[in-house]
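Report on one structure; see the data block that follows.
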Protein chains: 2
Amino acid sequence: MVRTGRGSGRDGRPTLEQVAARAGVGRGTVSRVINGSPRVSDRTRATVEQAIADLGYVPHRAARALAANRADAIALVIPEAEARLFAEPYFSGIIRGVTAELADTDIQLLLTLIRTPKERQRFGQYASSRRVDGVLLVSVHGDDPLPDLLTEIGMPAVMNGRRSGQESFPHVDCDNLGGAQLAVEHLLGRGRGTVATITGPLDMYAAQCRLAGYREALRAAGREADDDLVAHGDFTEESGHAAMRALLRRRPGLDAVFCASDLMAIGARRALREVGRTVPGDVALVGFDDSSMARHMDPPLTSVRQPMEGMGRAMTRALLAEIADGGPERPHLVLPTELVRRSSS
Amino acid sequence: MVRTGRGSGRDGRPTLEQVAARAGVGRGTVSRVINGSPRVSDRTRATVEQAIADLGYVPHRAARALAANRADAIALVIPEAEARLFAEPYFSGIIRGVTAELADTDIQLLLTLIRTPKERQRFGQYASSRRVDGVLLVSVHGDDPLPDLLTEIGMPAVMNGRRSGQESFPHVDCDNLGGAQLAVEHLLGRGRGTVATITGPLDMYAAQCRLAGYREALRAAGREADDDLVAHGDFTEESGHAAMRALLRRRPGLDAVFCASDLMAIGARRALREVGRTVPGDVALVGFDDSSMARHMDPPLTSVRQPMEGMGRAMTRALLAEIADGGPERPHLVLPTELVRRSSS
DNA sequence: CTGGTCTGTGGGAGCGCTCCCAGTTGTGAT
DNA sequence: ATCACAACTGGGAGCGCTCCCACAGACCAG
């Protein structure tokens, strides 16, 4: 049977064909108008746009995707291990940034949590079957096979953060080193003489950077490096508590601590309270992340804020550009961090 | 030109047709196998499944959606005003529940933030153009037109929470009343004689329920209602602080407070500290939500926990059922809450 | 006036799948 | 052996769109 040319879709919604009929033009022309092709005269364009408005026409996503071989969707992939981070301004900010940037693009955001190897594999299939046009990766670990997989199948992707100093995968990160520097300079500027630090897990690049920033700030101020002032944690509250106790044992005279995460600052605060030290009287405290907890600590915690929403936006912009241009250039962005001063320092 | 019958798709991925050829059957049969139709002999099914495995065939989502007139996707709609809630276990839990339930269904999750009336309208179009099969609504306000719109266009949907006691829209809620009761009974059980409460904004049904639970628990214990023990807040920290001060003014002798949100408990805690009352020594404190802050307060806050993940799962299950059956029954689920005891009480 | 651009435009073909209608075969009753 | 009926199966038609080829006119140089 030959194309019937009937005027509207299965659910009663108007189709391209119907718009074309109403405007008195061909399907191709309507398609061109919708896709913003320049090869349409202004007169025709106006007519078609009127018809679209009259009919309340909305393009059918699946039909479009099938014909054009694109999905008009991108995926935000989150390893479940980090889903706890949801309870942080982190994801909130990223997601807001991403959705804001997507708001007038007609591109859908797919949320994908990966919690098992099986799901990871499933996502690989997804990606290979082109059900998305691009992928946003969040909190990627050093041994995650996903980036390589995506590169291999030529799927546009951008990750948040870096796995190392010479990350070749397209990424958007924040200036961890600069933020740590800011924090320590601030402490020094408040007249603190002995500034210690509690680091994150040093197999993570972000933690390395924060430590490097601490060292750099001290060096710039002409202080000597003192390894006794460096205690190691793993970003958890408990590790912050333990590290603080170790620090107090080694250097009872310290009067300031820069913690590489707010959670560790909470642990450190508890350790200080246990030995009767006041904050900021005896010891000034600065955290990192500016999480919701920071604002509600007693006293409220000075902390280094990452531009979450900005990162979300930047990642999305970079990804869309890569999708559009086939992007030969792999974006490497590092956004500035900012010190939020509260009364703990 | 007649169908070419060529064996693989544009990006080199195998198509249904290719699977059919390899299995030596027709397209229809492969389709039936994929969609789990019973009208296929076991022998044929096995052959086809082998071919699918051999070829690594993955159905093309858009083609399927176009042909079958469904989207294989549901939307999770979040009013931007509540995006701050992202920074709470709330969304984290809901999303985890939803994705967990979706994990082996091949249905995609679309995240939709609505921040402006324009975006709301845009989402209306989305919904009407059947680009999703169903909608999950989160934190719906009494005056939100979305539920009615969805009902009108016959789009399956489930909301989280209720707008009133006789909510007719399909919903999954948690037992706010029961949770409040639990909290107050717990306080009474610890020998507290004068239990006050700080309510949420009473135009919200959840806040009404929590107040009703407070009253019910007191009544059940044979206590007289005393309106001086009820102070009103709006779920924010500042309002909790103000309410606590008012309470102390009116009933200096109170020895316990049930706060309808953790944030208000934080404010209340601050007010207590300011007048030198200890927690839980002088005044026992219980919050609601079991947010991340609760655990990190000093002392850690006893709080009523909502089954976030459970609600996410329940909503999803209900929605999928509605999509599948055309669901004449509109689910009305209320999940139990739970008291998490910490040292503030 | 002719031949060559250069815009604009129409519409055939086809994307990969599902739906459904005809077969085709196998089975049991007559 | 014959017929009715069920259980399976093949493949045409079509979902609504984009791509692209062909072609109509407008315009200009020679």
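The values are calculated or read from the model by the stated rules, or taken from the named source; none is laboratory data. Predicted model only: the values in this text are computed from it and were never measured. Heads up, the Cβs are rebuilt from the backbone with ideal geometry, glycines too, and the neighbour counts pull from every protein chain shown.
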*Look at segment A:31-66 and say how many of its residues are under 38 Å from the mean Cα position of the chain (by Cα) and either more than 28 Å from B:A71 (Cβ to Cβ) or not acidic (D, E) (or both).*
21
*Which numbered condition B:V25 fails, given (1) near DNA strand C (Cβ under 10 Å from one of its atoms); (2) in a loop (DSSP other than H, G, I, E, B)*: (1)
*Mind listing whichever residues of segment A:93-151 are in contact with a strand residue (DSSP E or B) (Cβ under 7 Å, 6 or more places away or on another chain) and of a type in the set (F, W, Y)?*
A:F123
_Subset of segment A:140-176 [buried (at least 20 other Cβ atoms within 10 Å of the Cβ) and polar (S, T, N, Q)]_ = A:N160, A:N176
_Filter segment B:123-151 down to the residues that are of a type in the set (D, E, K, R) and away from chain A (no Cβ under 14 Å) and list them by number._
B:D143, B:D144, B:D148
_Going by what's in this entry, would A:L109 be described as within 11 Å of chain B (Cβ to nearest Cβ) and buried (at least 19 other Cβ atoms within 10 Å of the Cβ)?_
yes
*If you check every pair at least six apart or on different chains, which have Cβ atoms under 8 Å apart with a residue in segment B:41-64 that is away from chain A (no Cβ under 12 Å) first and a residue that is of a type outside the set (S, T, N, Q) and outside any helix (DSSP H, G or I) second?*
B:T44/B:V25; B:T47/B:G24; B:T47/B:V25; B:V48/B:V25; B:V48/B:V40; B:A51/B:Y57; B:L55/B:P14
*Checking B:E167 against (1) within 14 Å of chain A (Cβ to nearest Cβ); (2) assigned to a loop (DSSP other than H, G, I, E, B), which test does it fail?*
(1)
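For every residue, the table says whether it meets (1) away from DNA strand C (no atom under 12 Å from the Cβ); (2) modelled with pLDDT of 90 or more; (3) farther than 22 Å from A:A73 by Cβ.
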residue	(1), (2), (3)
B:V19	no, yes, yes
B:A46	yes, yes, yes
B:L76	yes, yes, no
B:F86	yes, no, no
B:Y90	yes, no, yes
B:I95	yes, no, no
B:V98	yes, yes, no
B:D106	no, no, no
*For segment B:209-240, which residues satisfy the criterion of being assigned to a helix (DSSP H, G or I) and among the polar types (S, T, N, Q)?*
B:S239
*Look at A:L66 and say whether it is within 16 Å of DNA strand C (Cβ to nearest atom), crowded, with 18+ Cβ neighbours inside 10 Å and modelled with pLDDT of 90 or more.*
yes
*Which ones in segment A:224-258 are within 23 Å of A:S292 (Cα to Cα) and away from chain B (no Cβ under 14 Å)?*
A:G233, A:D234, A:F235, A:S239, A:A242, A:A243, A:M244, A:A256, A:V257, A:F258
*Could you tell me which residue of segment B:304-316 is nearest to A:L263 (Cα to Cα), considering only residues that are within 14 Å of chain A (Cβ to nearest Cβ) and buried (at least 24 other Cβ atoms within 10 Å of the Cβ)?*
B:Q306
